[in-house]
Amino acid sequence: TPQFSYQRLKGSDPVTGVEMASTGEVAVLADNYLEAFFSSWLATEQSVQGKKILVSAPSDFRHKLVEPLKKLEEQGWDLYATQGTHDFFAKRDIFSTAVYKISEQIEPNIATLLKRKEFDLIINIPQIASLGRSEGFMIRRLAIDHHIPLITNPQLAQIFLQCLAELDRENLGGSSSISSLADFYAL
C-alpha cells in the first residue's frame, strides 16, 4: 500500500496519478488477498473507527459498489451519499441518507458534516474530466484536512468495501500474528 503526504501538501487534490511518487509503501503477506491488502492499509496509520460511510461516485462506476454496500448495510453500517449516488442506490434497495452538496448552501451540507467528523470513511471517485476546485475536490480536501480516511480509486474502493464486509477486522493482524518472511514460507 502506498503512503502519500497529502496533509503536508495543503490545497492539493488528494487523487493519485501514475506520475506521483509515494512517500512510503507497506507490504504485507497474509493467508489471502483481502487480509494482506487490509493489513497493509492499516499499517499506513489509517483506520476506520466507526460505521458511517459517505459515497460519491460517477454514474458509470456506481454499479460496482452495489454488492459490498448491500453487505455492509446488512451489517449495520450507515451509508450516506450525494443525491445522484443516493438515487442510484435507492433503485437497488440500498438505503442511504442523501446529503446536501457544498454548493447547495443548505445546512447541514457535506462540508459541515465533514468538519464535524460525521463520517468514518469517504469514498469519492473523481470524474475523469473534473478539473479545478470542483465539488469533489472540496470533499476530498476536507476529508484529508479533517483526518478522515479517503478512497479515490475505483478498484481500491471495491476491494476496500469488500474487506470491510468480509473480514473479521477485530482479529486481523496484531503482534501475535506477525512473523518473518522465512516463518511465513515455513508454514
Around LYS70, with a cut-off of 15 angstrom between Cβ atoms, what is the net charge of the other residues, counting Lys and Arg +1 and Asp and Glu -1? 0
Give me, ordered by chain and number, the residues 5 or more places off TYR100 or on other chains with an amide H under 5 Å from its own placed amide H. ILE110
Exceeding 26 Å between C-alpha atoms, which entries from my cross-link table qualify? They are LYS64/LYS115; LYS71/LYS117; LYS64/LYS101; LYS51/LYS115. LYS64/LYS115
So how do 76-85, 118-127 stack up, highest first, on mean other-Cβ count within 10 Å? 118-127, 76-85
Within 10 Å, count the other beta carbons around each residue, average over each peptide in 89-95, 137-143, and list them highest first. 137-143, 89-95
Which shape class applies to the range 61-132: rounded if a/c is under 1.5, otherwise prolate when a/b exceeds b/c and oblate if not, where a ≥ b ≥ c are the square roots of the Cα gyration tensor eigenvalues? oblate
Between ALA98 and HIS146, with labels modelled 7 Å along Cα→Cβ, what's the label distance in nm to one decimal, could you check? 2.1 nm
For LEU121, enumerate residues with amide H under 5 Å from its amide H, sequence gap 5+ or separate chain, H modeled in the peptide plane. LYS52, LEU54
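The numbers here are math on the coordinates, done by the rules we state, and not lab data. What you are looking at is a predicted structure, and each value in this text was computed from that prediction instead of being measured. A quick note on method: Cβ atoms are made from the backbone with ideal geometry, for glycine too, and the neighbour counts reach across all protein chains shown.
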